[in-house]
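Heads up, the thing below is written out as structure tokens.
No value in this document is a laboratory result; all are computed from the given coordinates. Computed from a prediction, not measured in an experiment: that's the story for all the values here. Cβ placement follows ideal geometry from the backbone for every residue including glycine, while neighbour counts extend to all protein chains displayed.
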């Protein structure tokens, strides 16, 4: 498994830390209403939830009576509701986060010893991990008459829970079983199909970055984090090592920055959760940080930690969003009938997506995720269009372009091969033949090769002369006798 070791280099954001806010006894978790910056903190050794305005310079926390030993908090920012688990009462308290003086609206019975809790910001459904019954309860948080489903059975001792708001997939960590249970939160009835991811010993808190669909799980016993692709049916689980006793974890929904509270080192580690091999840096917070949250509604992306050892909440400016900037120049000209590609590029945090006013069904198409322009042009001329880049940070970027499409070049005709014969220039007196043979070497009347005729004629003459010489020699010999 791939491993990343925490380092303390890089640009620190600790210098932007504001003064801590005093809250109730032993705060363990917290969450924030991103629309009004109100923070709600579960004080586990009290019967209260503390709340304050994170955007104030020097806020003072007030308290809400909720019941014994509040454990976990989740906020629905769009509907201004906070949900608090009460393990000893097997209930969830519902708080109006927009009221001038927030109070408990109602309590909802759930399973045994409810621990982790998460709310789907899209549907408003709330999911509760019941440690004592190894189940997940589900209800509609904004409906006062909601019915509670004993929705799913999961691994033994569930503690953490997270939701991918893009796919509405629910992830539940079970420390006792060393597993992650995965199921869809959209089912109309109970008993959804539950998949199990193994190899995650001591699985604790969960954070899901919905834009990249990556899931992160703490393991405080082994001082590491688990990470995997939440879209995969059989994900490969990698580890990020070197974090010291990771307790809480949160992912900025826009930037993808992941923040991890380190219980024993009084610091927060953070890294870009969209990267397969991230660089991890740290900043200091209060004593014994456990719960952690990001105010995604603030320009500073304020990071908040519930410090269980000194009963405070730390506030630190997080990694900000960076508005997009288009960096690609004018595309080169295209040619009719020739496949064309051009890569538009842009910087920004998070990674921008692209849009264009190119006509639908036209000669070219722009991939919104990658910025790659492709097409095979069919009509010559100039195409005037604009490209925009967006990433949630303002202002968005826009650039105007002109793409010239030229006619395909006219092909040069290839001369046809000649069919005329080439006359020979030999030494004979006959008529020449086609080709490269010297026709003059052939006899005019027979076509016989002259050189061959001369050769055979010479041999015959020599033979005849030798025969005649032999006859003369014999006659002379007889005459002497």
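For the residues 270, 37, what sequence is obtained by ranking on other C-beta atoms within 10 Å, fewest first?
Ascending Cβ contact count within 10 Å gives the list 37, 270.
With r defined as the distance between the Cβ atoms of residue 195 and residue 264 and R0 fixed at 30 Å, what FRET efficiency is calculated, to the nearest 0.05?
It comes to 0.35.
Stokes-Einstein diffusion coefficient for the range 14-320 at 4 °C in a medium of 1.567 mPa s, Rh from the Kirkwood formula over Cα pairs: what value in µm²/s?
The estimated diffusion coefficient comes to 69 µm²/s.
Report, in whole Å, the centroid distance computed from the Cα atoms of the range 188-236 and the range 71-140.
Centre-to-centre distance over Cα atoms comes out at 21 Å.
Between residue 365 and residue 96, what is the label-to-label distance in nm when each label sits 7 Å out along the Cα-to-Cβ direction?
Here the modelled spin labels are 5.1 nm apart.
In which sequence would 321, 45 go, from the one with the fewest C-beta neighbours within 10 Å to the one with the most?
Final ranking by Cβ density, sparse to dense: 45, 321.
Can you classify the range 229-329 as rounded, prolate or oblate using the Cα gyration tensor, where a ≥ b ≥ c are the square roots of its eigenvalues, rounded means a/c under 1.5, and otherwise it's prolate if a/b beats b/c and oblate if not?
Oblate, because a/c is 1.5 or more while a/b does not exceed b/c.
So how much slack lies between residue 103 and residue 276, counting 0.36 nm per residue of separation and subtracting their Cα-Cα distance, in nm?
Result: 58.0 nm gained on full extension.
If each residue of separation counts as 0.36 nm, what is the full-extension length gain between residue 341 and residue 148 once their alpha-carbon separation is subtracted?
64.1 nm
I need the Kirkwood Rh of the range 325-383: take the reciprocal of the average 1/r across all distinct C-alpha pairs and report it in angstrom.
By the Kirkwood definition, the hydrodynamic radius is 12.4 Å.
Would you order 138, 165 from fewest to most other beta-carbon atoms within 10 Å of each residue's own beta-carbon?
So the ranking, lowest neighbour count to highest, is 165, 138.
For the range 83-213, what is one quarter of the convex hull surface built on the Cα atoms, given in nm²?
So the mean shadow area of the Cα hull is 8.0 nm².
For residue 63 and residue 222, compute 0.36 nm times the residue count separating them, minus their Cα-Cα distance, and round to one decimal in nm.
Separation in residues times 0.36 nm, less the Cα-Cα distance, equals 53.7 nm.
Using only the alpha-carbon atoms, what does the range 68-111 span along each of its principal axes? Please give whole angstrom values in decreasing order.
The principal-axis extents, from largest down, are 28, 18, 15 Å.
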